[in-house]
Structure formats: C-alpha cells, structure tokens
Amino acid sequence: RAGLEAGDLDIAVLFTAGPRTSNRNSAYTLRLLRSEPMLLATPSNHPHANNTAVQLSDFAADRWAVGASDHDPVDSEIARRCEMAGFSQRVGMRSDDYRVILQLVAEGLFVAAVPASVVAADDPRLRLLPFTEPLLHRDTVIATGRRDPAIAAVISALRQAAGEVFRAEHLPAE
C-alpha cells in the first residue's frame, strides 16, 4: 500500500480482512475482486473439533500457524479478535504455504485460520469450523493509484482471470 500512496505503483492486488472500511481519503481506490470466508482449521481430535462454530476462547491454549509476515491482514484481524476474547494468540509457526499449514494442523501441531478456497479435499484428520459473528472473510482487492486506459485494461484482465480461476463465481460489477 505504501507504494501506491507514494505513487511508486499504479496497481496492486492485495488481501484485506476484517471490517470493510472506506478508503475515501486515500491516494488509491480499492475494487473488490473476490471475497471468501475464512475457516478455523483444527485437528479432528481437538477437544472443540465438533463445535458448530468457533468461539475463539476455546482455542486460547492452542498454538497457531499464521502467515509469514507480521503485516498479514487476516492474521492481524485474528489477533485482534483473540485479544477481544481475552487472550493473546500463541504463534507456533509462520508460513504462507497453506498446504504446509493444513498438513501441520492435521498432524495436531497447530490451529489456523485458512481461506475456504485452499481446502481442496476432505482430509479426515482436519475439521474446518466457521467463525461466529462477525464472520471473518478474506477479500482480494485491486488497488489503483490513478485512472488510465492501460490500468483499466489490466483491471479487466485480472477480473477475467479471476473469473476463470474461481469458476462461475459472481464478480461484482465495476
């Protein structure tokens, strides 16, 4: 985002999470490309694996697998929600590879918030729990710093590619 605000970048694809806020006073514009729910991945033998929804306080003693960066918006939102639930999240590992994270969760080493799109197949060693209100989502957004026909063409190509990748999911109109 700093590159957009400084004018060094014309366009970026970003992830956001948590409450949707307006960026009217920002130097860049956000366009929603895709929104997906986040789920809490737990080992199937976890004491709370059969809960119908996540109460974060049930996972206060667990070690969490989180993204590699300290600035990951999903991880920041989870940490904020943990604090609101009365505890500090215990980070046990960092990785941006969700396949690795899910394998380590399945082995019983961690719990983790994961986007619904990364869960490809049923693994009996995993349970995926929805977050309670407010729901947690990860938005993929296109951020642009200025209007330009070339940037509009890139946005169009990104939206088309996203439609192909995420098959028939409705993308918001421009």
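The values are calculated or read from the model by the stated rules, or taken from the named source; none is laboratory data. Keep in mind that what you see is a predicted model, and the values were worked out from it rather than measured. All Cβ positions, even for glycine, are placed from backbone atoms using ideal geometry, and neighbour counts span all protein chains on display. To get the accessible areas, we keep the full protein, side chains included, count just its heavy atoms, and leave off ligands, DNA and RNA. Shrake-Rupley method; radii C 1.70, N 1.55, O 1.52, S 1.80 Å.
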Of the candidates 132, 143, 105, the farthest towards the positive dipole end of region 80-153 (Lys/Arg Cβ +1, Asp/Glu Cβ -1, centred on the Cα centre) is 143
Gap separating the Cα centres of region 22-89 and region 93-153, nearest whole Å: 10 Å
Exposure rank, largest accessible area first [101, 11; 1.4 Å]: 11, 101
Treat every Asp and Glu Cβ in region 1-136 as -1 and every Lys and Arg Cβ as +1, leave all other atoms uncharged, and give the resulting dipole magnitude about the Cα centre to the nearest 20 debye. 200 debye
Helix 73-84 versus the longest principal axis of the chain: what angle, 0 to 90°, nearest 10, using Cα atoms? 50 degrees
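Explain nothing, just the number: relative contact order of the chain, from Cα pairs under 8 Å at least 6 residues apart, as a whole percent.
Working: 287 pairs, mean separation 70.2, N = 174.
40 percent.
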Can you give the calculated 222 nm mean residue ellipticity of the chain, where each DSSP H run of n ≥ 4 adds -39,500 (n - 2.57) and the sum is split over every residue, rounded to the nearest 500 deg cm²/dmol? -7500 deg cm²/dmol
Taking Cα atoms, how many degrees apart are the long axis of helix 149-165 and the longest axis of the chain, rounded to 10 and kept between 0 and 90? 30 degrees
